[in-house]
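Participant: My questions will all concern the structure given below.
The values are calculated or read from the model by the stated rules, or taken from the named source; none is laboratory data. Since the structure is predicted, the reported quantities are computational estimates derived from the model, not experimental observations. As a convention, Cβ positions derive from the backbone with ideal geometry for all residues, glycine included, and neighbour counts pool all protein chains shown.
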Amino acid sequence: MQFEDSHGSVRITVDIDEQTLAEVMALTGEKRKSPALARAIMEFTHRRKAREFGRLIRESAFDYPSGVSGETDPANPVPFLLKE
């Protein structure tokens with residue numbers, strides 16, 4: 001799978017040992033070094049964001065405010081918000 005960069009790119013120099021680089025390439029399935037590292041960094045970033053999102057859910061950061069209407073749609077059990 002070819003890594004597609006949709007946000008532009010930045011060229012950097014990274015010191016990484018050959019064994020770790022080979023492992024990253026194997027895990028990502030990329031044949032070239034740059035796409036393998038870019039994919040690993042993107043996946044790492046997505047996992048951190050997902051972990052943070054999960055933490056926010058557990059802490060009820062997305063709960064509805066107390067002024068929520070009691071109406072519900074049987075197809076969607078989440079209550080509708082009050083119209084302002």
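Participant: Only residues in the range 31-50 that are within 15 Å of G8 (Cα to Cα) count as the first member; pair them with residues that are surrounded by 12 or more Cβ atoms within 10 Å (Cβ to Cβ), Cβ under 7 angstrom, at least 6 apart or cross-chain, and list the lot.
Facilitator: Qualifying pairs under 7 Å: P35/F3; A38/F3; R39/F3; R39/T28; R39/E30.
Participant: Can you pull out the residues in the range 1-57 that are touching a helix residue (DSSP H, G or I) at 6+ places or on another chain (Cβ under 6 Å) and at pLDDT below 95?
Facilitator: F3
Participant: Also, I was wondering about something else. Can you pull out the residues in the range 58-73 that are loosely packed, with under 12 Cβ neighbours inside 10 Å and either at pLDDT 65 or above or among the hydrophobic types (A, V, I, L, M, F, W, C) (or both)?
Facilitator: Passing the criteria: R58, E59, S60, A61, F62, D63.
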